[in-house]
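> One structure coming up, written as structure tokens, with questions to follow.
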2 protein chains.
Amino acid sequence: MKAEIICVGTEILLGKIVNTNAQYLSQKLAQLGIDVHYHSTVGDNTERLYLAIKRGLHRSNVIIITGGLGPTVDDLTLEGIAQVLQKKLILNRNILKDIKDHFHKRHIPMPKENVRQALVPEGAKALKNEVGTAPGLIIRWHEKKVLIALPGVPAEMKPMVERDVLPYLKKNFSGDWVILSRKIKTCGLAESQVNQKVKDILKSKPPLSVGIYVHTGSVDLDITVRSTNKAIAEKLLNNTERKINSRLKKYIYGKDSQTLESVVAKALTKAKRTIAVAESCTGGLISKRLTNISGSSKYFPLGVVTYSNKQKRNLLGIPKEALDNFGAVSKEVATLMAQNISQMAKTDMGLGITGIAGPTGASKEKPVGLVHIALATPRKVISEEFHFHGDRKAVRLRASQAALDMVRRYLIK
Amino acid sequence: MKAEIICVGTEILLGKIVNTNAQYLSQKLAQLGIDVHYHSTVGDNTERLYLAIKRGLHRSNVIIITGGLGPTVDDLTLEGIAQVLQKKLILNRNILKDIKDHFHKRHIPMPKENVRQALVPEGAKALKNEVGTAPGLIIRWHEKKVLIALPGVPAEMKPMVERDVLPYLKKNFSGDWVILSRKIKTCGLAESQVNQKVKDILKSKPPLSVGIYVHTGSVDLDITVRSTNKAIAEKLLNNTERKINSRLKKYIYGKDSQTLESVVAKALTKAKRTIAVAESCTGGLISKRLTNISGSSKYFPLGVVTYSNKQKRNLLGIPKEALDNFGAVSKEVATLMAQNISQMAKTDMGLGITGIAGPTGASKEKPVGLVHIALATPRKVISEEFHFHGDRKAVRLRASQAALDMVRRYLIK
């Protein structure tokens, strides 16, 4: 089965936004063993959109169109589809009710343009939009062709894809190919260090391929196996994962959709430990990441951002002498922050972070990127000095990553 | 002049990487006044690549191809171009020397595959690659058509584009066009409400175009003017901006690269005011955003994340009765959080946020998305109840946006 993804939006062609939808959908289709042969993007232009859909129907089995489903006159996807398929647009009362409910819940009167979003081509199956107002559509053209239209806003599209589109495609269009993949995420090593440790594995040949992908604070390995035999594919995937695990050991913090904070959340829950956080340079980022996880109130009662020396003294009780003698960015102050926040919040552990995020605030002795992190545990305080590179955003992200990773490594020991 | 961008690479179609090259090139072409009508991506497949190039030459004036110029047999772009243009591939001795030098400098013997990269279609102008080995190519097909091939690795492509491609296009394909654009960012209105207020402006005709772009917590208007006369373009841009300002007034928080936190930072600095933040559902996100800005310690000394009722009592001194009678998610508790954090930190203002970010923690009376925000100012407390939609991430982001916007609106009054 051949698939293609058509994205609609002048903002993509003007370079105003990057096309992440094409990537997301491609990953999902690859997991179903459906080959994506083309991505294309056209603007909000009737003729070019019409031609793109027509070409798609001619050359592919699964055509996914994203964008152009909004309520304004610029949104042309529905008209384009109706024109290519020579179908009428019909008012769908269920969708209209969903749209009305959407506005009602938010105590806003429904603008009359939004009625347009309830017009769908004859015979289309409508997909409920739980986040916004534009419904998705599945239109089975004939046995081997389907046209799927989805909203362009990722937060609206993704739930629809997971809930409706993937099960539909799996049932009707997924061939005999199995594509399995696994992402292995590491923290604490540079790309070149990871590369050196798995150099031979990176040279794997089909049906196995292994790639290295670098993000701020995380170097990931991606294993992909493609086969018609699921058992063989699984075995190869698992063997490769084991091999990588044995090389990178403690540097691996998670896999696939896991984030460092989700792994830490799980470890804290499992160990029945609680933690409090006192931040300076990361400015709340660590608390924010810990609370990304629903249910985090079970192990995280308190975070503070003491962004001035005065607040480090007043709120955390860091002695003036410590600040004067060692400076706010020091192992000693990080340690006191960790110990004192843990005492204040009566938690098992406390995390203290202080550093120079830049671009201002640096000195010769304390350059941008210097960060001290301390983790107070019931038995001892673990502390580490880091020198991160990059701009303010990168330094803060790397610091939060290193801090959470200290918690993870302590808990898994 | 119509342009299109063709990206070559199976890794893009598998969703392993996001196609940032298309965005980068589109932005650059837009600045030259060259209209990009299509993006397309094909894999490392001779036939589909051939057809894509052929279609490009037929329908566009400027065809930029990225990727597929590497040394391996998978890299098919040169063969594809030669085949479509019916040109021979000829060994270019200057390029071969560059490639040899590249390896020589790194003390690595040149692998013999790399000789392939010195084969270029007859008549092509080669562009030196200062970072890697694949040269770029400019092939003038006839007066109004040009085919440009560039390496897929962004770090190799970008210097070539800046140094060679843009000057070439500016001279030969851009004409005298000037494109000016401005983004106007709003907060507090739904897309449909913004749409309603500027409906007529959104229907502007060339040389003016105005589009609406929705992000979580921000609805932006993008004004673009395209003209051969810079003075006229500027006037039209400024007039349109003024017209939009008069319609959306207080809902506009910034423009172009400004973020809500950068605008709030500026307003706090200008007014010489300080602020402290007590968060619950946003979990540190507001402190994190305020401290995104370098120098924020001048106006932001303290943030706390009281993620349990106990910490709301102990640290912020919220009376047990308030929590029992009104619940943690209430106007009363948000107000006390705002007042007490401001007193604790001795700041001019205090922000208190409490809500249900979801997916757990909701009740019939207090659904997911309910958020109370209070801003304590020297004279009074402003409080507001919000009902945000979306998942945990969206609710938290919208809540942080609404809170920062309350600060902004208070300060600009």
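> Applying the selection to the range A:84-120, what residues are over 34 Å from the mean Cα position of the chain (by Cα), in a helix (DSSP H, G or I) and within 27 Å of A:R140 (Cβ to Cβ)?
Of everything in the range A:84-120, those that are over 34 Å from the mean Cα position of the chain (by Cα), in a helix (DSSP H, G or I) and within 27 Å of A:R140 (Cβ to Cβ) turn out to be A:V84, A:L85, A:R93.
> Also, quick follow-up: For the range A:119-137, give me the residue count where each residue is away from every other protein chain (no Cβ under 14 Å) and buried (at least 16 other Cβ atoms within 10 Å of the Cβ).
Count: 9.
> Continuing with this model, one more query. I'm trying to understand the selection: among the residues of the range A:2-23, which are within 7 Å of chain B (Cβ to nearest Cβ) and touching a Lys or Arg at 6+ places or on another chain (Cβ under 9 Å)?
Within the range A:2-23, A:T10, A:G15, A:K16, A:Q23 meet the criteria.
> On the given criteria, is A:Q23 within 26 Å of the chain's Cα centre (by Cα), over 18 Å from B:Y38 (Cα atoms) and in a helix (DSSP H, G or I)?
No.
> Take B:E47 and decide whether it is of a type in the set (D, E, K, R) and buried (at least 18 other Cβ atoms within 10 Å of the Cβ).
No.
> Out of A:N92, A:N172, A:N195, A:N114, which single residue is touching a helix residue (DSSP H, G or I) at 6+ places or on another chain (Cβ under 6 Å), open to solvent by 20 Å² or more (accessible area, probe 1.4 Å) and of a type in the set (S, T, N, Q)?
A:N92
> Turning to a different aspect of this structure: Give me a count of the residues in the range A:30-54 that are at the interface with another protein chain (Cβ under 9 Å from one of its Cβ atoms) and among the basic types (K, R).
Residues meeting the conditions: 1.
> Here's something else I'd like to know. Consider the range B:250-277. How many of its residues are open to solvent by less than 40 Å² (accessible area, probe 1.4 Å) and either without any contact (Cβ under 8 Å) to a residue 60 or more places away in the chain or of a type in the set (K, R) (or both)?
Selection size over the range B:250-277: 2.
> OK, next. Please count how many residues of the range B:203-225 are open to solvent by less than 50 Å² (accessible area, probe 1.4 Å), of a type outside the set (A, V, I, L, M, F, W, C), assigned to a strand (DSSP E or B) and in contact with a Ser or Thr (Cβ under 8 Å, 6 or more places away or on another chain).
5
> (1) of a type outside the set (S, T, Y); (2) away from chain A (no Cβ under 12 Å); (3) out of contact with any strand residue (DSSP E or B) (no Cβ under 7 Å at 6 or more places or on another chain): which one isn't true of B:G254, the others all being true?
(3) is the only condition that B:G254 fails.
> To continue, here is another question. Take the residues in the range A:28-78 that are of a type in the set (A, V, I, L, M), in a strand (DSSP E or B) and touching a residue at least 60 places away in the same chain (Cβ under 8 Å); name whichever of them is nearest to B:Y213 (Cα to Cα).
The extreme case among them is A:I65.
> Follow-up question, since we're still on this one. With respect to B:S280, determine if the residue is in contact with a strand residue (DSSP E or B) (Cβ under 6 Å, 6 or more places away or on another chain), of a type in the set (S, T, N, Q) and either within 13 Å of chain A (Cβ to nearest Cβ) or open to solvent by less than 60 Å² (accessible area, probe 1.4 Å) (or both).
In short, yes.
> From A:I148, A:I184, grab the single residue that is hydrophobic (A, V, I, L, M, F, W, C) and more than 30 Å from A:L57 (Cβ to Cβ).
The unique qualifying residue is A:I184.
> For B:Y251, work out the one condition from (1) more than 23 Å from the chain's Cα centre (by Cα); (2) at pLDDT 95 or above it doesn't fulfil.
Among (1) more than 23 Å from the chain's Cα centre (by Cα); (2) at pLDDT 95 or above, B:Y251 violates only (1).
> Hey, another quick one. Name the single residue that is most open to solvent (accessible area, probe 1.4 Å) among those in the range A:138-169 being touching a residue at least 40 places away in the same chain (Cβ under 8 Å) and among the small types (G, A, S).
For the range A:138-169, the residue satisfying everything is A:G152.
> Of all residues in the range B:384-400 being in a strand (DSSP E or B) and open to solvent by 40 Å² or more (accessible area, probe 1.4 Å), which is farthest from B:E332 (Cα to Cα)?
Once the filter is applied, the top-ranked residue is B:H387.
> Polar (S, T, N, Q) and either under 17 Å from B:P301 (Cβ atoms) or more than 8 Å from every other protein chain (Cβ to nearest Cβ) (or both), is that true of A:N292?
Spelling it out, it is not the case that A:N292 is polar (S, T, N, Q) and either under 17 Å from B:P301 (Cβ atoms) or more than 8 Å from every other protein chain (Cβ to nearest Cβ) (or both).
> Let me ask something else. Residues in the range B:301-319: is at least one open to solvent by less than 10 Å² (accessible area, probe 1.4 Å), within 12 Å of chain A (Cβ to nearest Cβ), over 25 Å from A:D391 (Cα atoms) and hydroxyl-bearing (S, T, Y)?
Yes.
> Hey, any hits in the range A:167-179 for a residue that's of a type in the set (S, T, N, Q) and within 24 Å of the chain's Cα centre (by Cα)?
Checked the range A:167-179: no residue is of a type in the set (S, T, N, Q) and within 24 Å of the chain's Cα centre (by Cα).
> Does the range B:320-367 hold any residues that are within 13 Å of chain A (Cβ to nearest Cβ), open to solvent by less than 60 Å² (accessible area, probe 1.4 Å), outside any helix (DSSP H, G or I) and at pLDDT 95 or above, and which are they?
Within the range B:320-367, B:A328, B:V329, B:T347, B:L351, B:I353, B:T354, B:G355, B:I356, B:A357, B:P367 meet the criteria.
> Hey, another quick one. Can you pull out the residues in the range A:55-68 that are open to solvent by less than 20 Å² (accessible area, probe 1.4 Å) and within 12 Å of chain B (Cβ to nearest Cβ)?
Across the range A:55-68, the qualifying residues are A:G56, A:S60, A:G67.
The values are calculated or read from the model by the stated rules, or taken from the named source; none is laboratory data. What you see is a predicted model, and the numbers here were worked out from it, not measured in a lab. Using ideal geometry, Cβ is built from the backbone for each residue, glycine included, and neighbour counts are taken over all protein chains shown. Protein only, heavy atoms only, side chains kept; ligands, DNA and RNA dropped before computing areas. Shrake-Rupley method; radii C 1.70, N 1.55, O 1.52, S 1.80 Å.
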